[in-house]
């Protein structure tokens, strides 16, 4: 793959300017603010900007254009020209009336130009850049679709919490890519759980057993002359500073359902195991985790995740309460106990499309929707589990949220050499 020359006077990461005044935020993810803020309805044509033109970004843009026919894709940004061209060509075939000749910006700071020229911004770059780009978007007064996870470390989470407040104050819509919260059957199930159908939740086991998502290519496939940062961004999933690890990037969907089941309250602590059993040439992420979250009133929630080939696969949720149980098994949402219930086929909507339908509906109605509080909370739950696994310690929620953990240095440039460290070692890796 051709790697562009992206030398710039500006750094790839200039994150800490957003964070230096954050202060201590124990319990910050529990700060209460309304999810809906009223503003003037918007009936004008809207300009859509896409930042991050890979498969997920192209899919999100397709759903945005399908949600509202008075939306046009006007700008795209990526660090790879091929990604940008691919997204434009794909979307032009699907939506010829809404995709003419979008401006294409290539480079590490191209996102700034998209934000400046758009009304609604889609953020689908590697998660390590998400806090920085979210802050830039809301400060510029833009509505945002922000893919999950919303950060990779505690420093980023504190920034996201502040950005969500800014979005609320400006009456901007902020919708997150935690897609299960937009699936009607699961909404109905969790509404029943919160309504007492299984009594008080006592424990939960969520599974995320899959194959590898984006395996690290052999070192022999690394192009000559490519810098460490460029190579790592090209293979972002395999590096913690870009993806947050497999727990934070993928299994976070199951962690989000743990948060949902427990009412998005703060846990007390987490203890976890994890590691890498299948060797990889490069990268520094684990391929399996098991996290135990301790909540008030002796509620214990487990998360099991694995990304290994030719192994048992499962993505289920088992929720037990004092009066029954709730199950999400093979796509079915079921309650057993005093009330027996199963979600019907009429609740099997396209959750990815619903995310964007509700985003644009909120803009058109002038009822700004804000997912900021729980999207930060669910991402932080996953980061807490990763911290516990990496260190081998029981980690308290407050200690994790107030951690100085920052997985990449400020001032990192595209062409730089950068060693992000090897596989974390429990008992040796420290909580910072």
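Considering only residues that are closer than 19 Å to residue 64 by Cβ and out of contact with any strand residue (DSSP E or B) (no Cβ under 9 Å at 6 or more places or on another chain), which ones fall in segment 144-179?
178, 179
Scanning segment 334-353 for residues being over 27 Å from residue 145 (Cα atoms) and touching a helix residue (DSSP H, G or I) at 6+ places or on another chain (Cβ under 7 Å) gives a total of 3.
Exactly one residue among 223, 279 is touching a residue at least 40 places away in the same chain (Cβ under 8 Å) and more than 16 Å from the chain's Cα centre (by Cα), and that residue is 223.
When you look at residue 150, is it within 30 Å of residue 385 (Cα to Cα), crowded, with 20+ Cβ neighbours inside 10 Å and under 14 Å from the mean Cα position of the chain (by Cα), yes or no? So residue 150 passes the test. When segment 192-221 is filtered for residues that are surrounded by fewer than 16 Cβ atoms within 10 Å (Cβ to Cβ), closer than 25 Å to residue 421 by Cα and touching a helix residue (DSSP H, G or I) at 6+ places or on another chain (Cβ under 8 Å), the ones remaining, listed by number, are 213, 214. Out of all the residues in segment 117-131, is one or more over 23 Å from the mean Cα position of the chain (by Cα), in contact (Cβ under 8 Å) with a residue 24 or more places away in the chain and at negative phi? Checked segment 117-131: at least one residue is over 23 Å from the mean Cα position of the chain (by Cα), in contact (Cβ under 8 Å) with a residue 24 or more places away in the chain and at negative phi.
Considering only residues that are surrounded by 24 or more Cβ atoms within 10 Å (Cβ to Cβ) and not in a helix (DSSP H, G or I), look in segment 44-74 and name the one that is farthest from the chain's Cα centre (by Cα). Ranking the candidates gives 73 first.
Residues in segment 343-363 that are over 19 Å from the mean Cα position of the chain (by Cα), surrounded by fewer than 17 Cβ atoms within 10 Å (Cβ to Cβ) and part of a helix (DSSP H, G or I): 4 in all.
Given the criteria in contact (Cβ under 8 Å) with a residue 24 or more places away in the chain and either in contact with a helix residue (DSSP H, G or I) (Cβ under 6 Å, 6 or more places away or on another chain) or within 30 Å of residue 329 (Cα to Cα) (or both), does residue 411 qualify? So residue 411 fails the test. Kindly check whether there is at least one residue in segment 80-92 that is assigned to a strand (DSSP E or B), surrounded by fewer than 24 Cβ atoms within 10 Å (Cβ to Cβ), touching a residue at least 12 places away in the same chain (Cβ under 8 Å) and assigned by TED's automatic domain parsing to the domain that holds residue 167. Within segment 80-92 (the criterion being assigned to a strand (DSSP E or B), surrounded by fewer than 24 Cβ atoms within 10 Å (Cβ to Cβ), touching a residue at least 12 places away in the same chain (Cβ under 8 Å) and assigned by TED's automatic domain parsing to the domain that holds residue 167), the answer is no, since none of the residues qualifies.
The values are calculated or read from the model by the stated rules, or taken from the named source; none is laboratory data. Owing to the predicted nature of the structure, the values given are computational and were not obtained by experimental measurement. FYI the Cβ positions are ideal-geometry reconstructions off the backbone, even for glycines, and counts take in every protein chain you see.
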